[in-house]
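Below is one structure, written out as structure tokens; the observations come after it.
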Amino acid sequence: MLIEKEFCPDILLFFVMKILQELYGRKDDNHNFLTMAECQYIVKHELENLRAKDEKMIPGYPQAKLYPGKSIVRRLLTSGILVQIFPLHDREELKKLRQSWYGRVKVGYQPLDEIRCYFGETIALYFGFLEYFTFALIPMAVIGIPYYVFAWEDYDKYVMFATFNLLWSTVILEVWKRICAIMTYRWGTLLMKRQFEEPRSGFHGVLGINPVTGREEPVYSSIKRQIRIYLVSLPFVCLCLYFSLYVMMIYFDLEQWALDYHEENESNFSNLMLFVPSIIYAVVIEIMNRIYRYAAEFLTSWENHRLESSYQNHLILKVLVFNFLNCFASLFYIAFVLFDMKLLRQSLATLLITSQILNQFAESLLPYWLQKRHKKRTKKRISSLKTDTDLSLVEQVNLEKEMGTYFGTFDDYLELFLQFGYVSLFSCVYPLAAVFAVLNNITEIYSDALKMCRVYKRPFAEPTANIGVWQLAFETMSVISVVTNCMLIGMSPQVNALFPDSKMDLILTVALVEHLLLAIKFIMAFVIPDKPRDIQIKLARLEFESLEALKQQQMKLAAESLKE
């Protein structure tokens, strides 16, 4: 396996463990050459690639059957022989990280380099994106407050706000690519090659030879995988989407019932009843999203994808399609079928605020409540872990195994994606969405940091070059926001008054403006480079030096063969 290391400023080299002595000499003080996260990744990589060859079962456990290509560690876990596998926290390093990360309330940046060294690039990149997205929302929040206060029903003024929103959504995503490239270059993961990715631990098949690498690994028919995807997974997803639309129509029946009740009984109670259907629907949406998530994980695992990146892409696609329809279908229906801007504003505010409250409860309050249910002995151990640096290894293991398990950044990115949708899709109707998003993300940064250090077991580190398919998901959402905002502006009474005689002229004008804005977005995405100029030069220099080294090696081998 290859790791990129920055040996001195501005020099990035591919590093193999075998050449450590050649680079550093035969010294005993090179233990800090690899970060703790990199060491964990190497250990996890070796464990996951322990696969059965001729063994039929795990020795001493005849019920734990094995076949060629099966991951041994995964079989140990599924059969219950191995209960848990996780890296322990380093108490001294964790104490330093807590102090600089969330130990005191401050207005400033997170220690992303320290987070990366302790938890790995994937988690550090998530917190970097969360921080960046929160700062990027501030201009929208600052502009949205006066628009909400002084232009409540004036759609002419909302045109400016919507236009700013469209340009904003493009700029922040392009700027993030540059910031991400700077960070991952510094961390040595920018040039990770997905085509040489190792098979995921859950991948199974007949043991064979990889024609590219020549290594022995499981082989599984792509035709069988495609059959599972298109004949089982796809129909199931479509069925779930239909059920989501059915629940949405029940929600509109409740809305109509609440409106009729309010018209018959004008009172404070009837005013409150107008918000009840939206609140109930928001809770149902969250429940449906979580249930569907488990089903999507099961189906994606059953499809038996070879690479972890392919597994994640198919899982994210399944979840995003359902979550997008489940969370935003009602808003599109209200806006473009019912044409009820008042109900749209009310539903958007209720869905956004309710979902944030539920997420904060599930991600912040619930873990601490579960921890308080531990026995007094466990509580005492947690207290000793915070203060006693001489805690024995066995006691630390017994303590940390009771902590929660962190299942990755999937749910965290999904929450930000839905939040981005609430902010960008219907900005001209509810400008305060960005304000609530900023407040939510500020608490999210501290609560997530606290959970990573105090509530969850330490997760294995995973290197990454970017936020992956989530970048495409956010960009797709920004394109959809162009369409929705243009249509909402075109539906406003003020804009309709400009075309009193011909609705076709109105439609053509809105379509023209939409296409112009989309063209501006794509031009901006093309003009703004994904990598800063200095990073491009460094990467080009690295490629040149690699080719020169390869050329010299080939010439040396040719000269030696001629001598023989």
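A few remarks follow.
- Shape call, region 252-337: gyration tensor on alpha carbons, a/c limit 1.5: prolate
- Selection from Phe474, Ile442, Pro500 lying farthest towards where the dipole of region 415-503 points positive, charges on Cβ: Ile442
- Charge dipole (Cα centre; +1 on Lys/Arg Cβ, -1 on Asp/Glu Cβ; no other charges) of region 454-514 amounts to roughly 580 debye.
- Region 87-531 - percent relative contact order, Cα under 8 Å, separation 6 or more: 32 percent
- Packing here is the average count of other Cβ atoms within 10 Å per residue, and on that basis the peptides 474-485, 130-141, 234-245, highest first, run 474-485, 130-141, 234-245.
- Residues Leu259 and Ala295, FRET efficiency given R0 of 45 Å [Cβ-Cβ distance, rounded to 0.05]: 0.85
- The trypsin sites (Lys or Arg not before Pro) found in region 214-321 that occupy coil by DSSP, while having at most 13 further C-beta atoms within 10 Å, are Arg215.
- Entries of Lys44/Lys70; Lys224/Lys318; Lys342/Lys503; Lys95/Lys531; Lys224/Lys531 with Cα pairs more than 28 Å apart: Lys95/Lys531; Lys224/Lys531
- Packing-based order for 456-466, 527-537, using average beta carbon neighbours within 10 Å, highest first: 456-466, 527-537
- Spin-label model, Ser221/Glu560: points 7 Å from Cα along the beta carbon direction are separated by 4.5 nm.
- Sorted by Cβ density within 10 Å, fewest first, the residues Val429, Val83, Val321: Val83, Val321, Val429
- Percent breakdown of C-alpha pair distances by 5 Å bin, ordered from the shortest bin, for region 499-564: 3, 13, 9, 9, 8, 7, 8, 7, 6, 6, 6, 5, 4, 3, 2, 2, 1, 1, 0
- Peptides 201-210, 345-354, 499-508 ranked from most to least packed give 345-354, 201-210, 499-508, packing being the mean of other C-beta atoms within 10 angstrom over each peptide's residues.
- Enclosed volume per residue, in Å³, of the convex hull spanned by Cα atoms of region 87-531: 193 Å³
- Placing +1 on the Cβ of every Lys and Arg and -1 on the Cβ of every Asp and Glu, with nothing else charged, gives region 87-531 a dipole about its Cα centre of roughly 1920 debye.
- Region 407-447: chymotrypsin sites (Phe, Trp or Tyr not before Pro) falling in loop per DSSP and having at most 16 other Cβ within 10 Å: Phe407
FYI, it's all coordinate maths here, none of it is from the lab. Predicted, not measured: the structure shown is a model, and the values here were computed from it. Glycine also receives a Cβ, built like all others from the backbone with ideal geometry; neighbour counts cover every protein chain displayed.
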